[in-house]
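K.L.:
If you scroll down you'll find the structure; I have some questions about it.
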Amino acid sequence: MPKKIDQKVKERCVRQVLEHLPEYPSLTAAAETVARREGVGKESVRRWVVQAQVDGGQRQGATSEELAEIKDLKAKVRRLEEDNEVLR
C-alpha cells in the first residue's frame with residue numbers, strides 16, 4: 001500500500017514546481033528537483049502538478065472531483081453486482 005503523504009506537502013510541492021517551471025526544460029525536470037528536496041517520489045510530484053493543472057482548467061482531463069465521482073460509482077456498481085449475484 002502506498003504511503004500517505006500529507007496534503008500540505010503535496011500543495012507545497014505543486015506550488016514550488018509551478019513557481020520554478022520556467023527555469024527548467026520540462027515539467028519532469030522541475031518535479032524531479034522539488035521531489036529530491038522534499039524527499040518524495042518525482043513521478044508523484046509530476047502527477048500532482050498535472051492534476052492541479054487539470055483542476056485549474058489549464059490542462060485537459062478529468063478533475064479530482066470527477067475522478068472521485070467515478071471511483072464512488074464504480075464501487076456502487078460493484079456492490080450492486082455482488083447483491084445481484086447473491087439473489088441468483
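K.L.:
What's the angle, to the nearest 10 degrees (0 to 90), between helix 42-55's Cα axis and the longest principal axis of the chain?
P.N.:
Taking the Cα atoms of the chain, the angle to 42-55 is about 70 degrees.
K.L.:
Let me ask something additional. Could you give the angle, 0 to 90 degrees to the nearest 10, between helix 7-20's Cα long axis and the longest principal axis of the Cα atoms of the chain?
P.N.:
40
K.L.:
Right, here's the next one. Modelled label-to-label distance, GLU38 and GLN7, 7 Å Cα→beta-carbon offset: nm?
P.N.:
1.5
K.L.:
For q values of 0.20 Å⁻¹, compute log₁₀ I(q)/I(0) with the Debye formula on a Cα-only model of the chain, without solvent.
P.N.:
So the normalised log intensities are -0.93.
K.L.:
Let me ask something else about it. 222 nm [θ] for the chain, helices only, -39500 (n - 2.57) per DSSP H run of 4+, per residue, to 500? All intermediate terms of the calculation are to be shown ahead of the outcome.
P.N.:
Numbers: 4 runs with 64 residues, N = 88.
So the helix-based figure for the chain works out to -24000 deg cm²/dmol.
K.L.:
Could you size up the charge dipole of the chain around its Cα centre, putting +1 on the beta carbon of Lys and Arg and -1 on that of Asp and Glu, and report it in debye to the nearest 20?
P.N.:
320
K.L.:
May I ask you to derive the FRET efficiency for LEU21 and LYS71 from their Cβ-Cβ distance with R0 = 25 Å, giving the value to the nearest 0.05? Please list the in-between numbers first.
P.N.:
Working: r = 29 Å, r/R0 = 1.16.
Step by step, r from the Cβ atoms, then E = 0.30.
K.L.:
Report the local net charge at ALA68: Lys and Arg +1, Asp and Glu -1, summed over other residues whose C-beta lies under 14 Å from its C-beta. Don't skip to the end; give the middle numbers.
P.N.:
Numbers: positive: LYS71, LYS74, LYS76; negative: ASP55, GLU65, GLU66, GLU69, ASP72.
In short, -2.
K.L.:
Return the loop-located trypsin sites (Lys or Arg not before Pro) in the stretch 29-65 (DSSP other than H, G, I, E, B) with at most 15 other Cβ atoms within 10 Å of their own Cβ; answer none if there are none. Display every interim value, and only then the final one.
P.N.:
Values: sites: ARG36, ARG37, LYS42, ARG46, ARG47, ARG59; in loops: ARG59.
Here the trypsin sites (Lys or Arg not before Pro) that fit, given the DSSP loop and packing criteria, are ARG59.
Values in this text are rule-based calculations from the coordinates and carry no lab data. As the structure is a computational prediction, the values presented were derived from the model and not from experiment. As a convention, Cβ positions derive from the backbone with ideal geometry for all residues, glycine included, and neighbour counts pool all protein chains shown.
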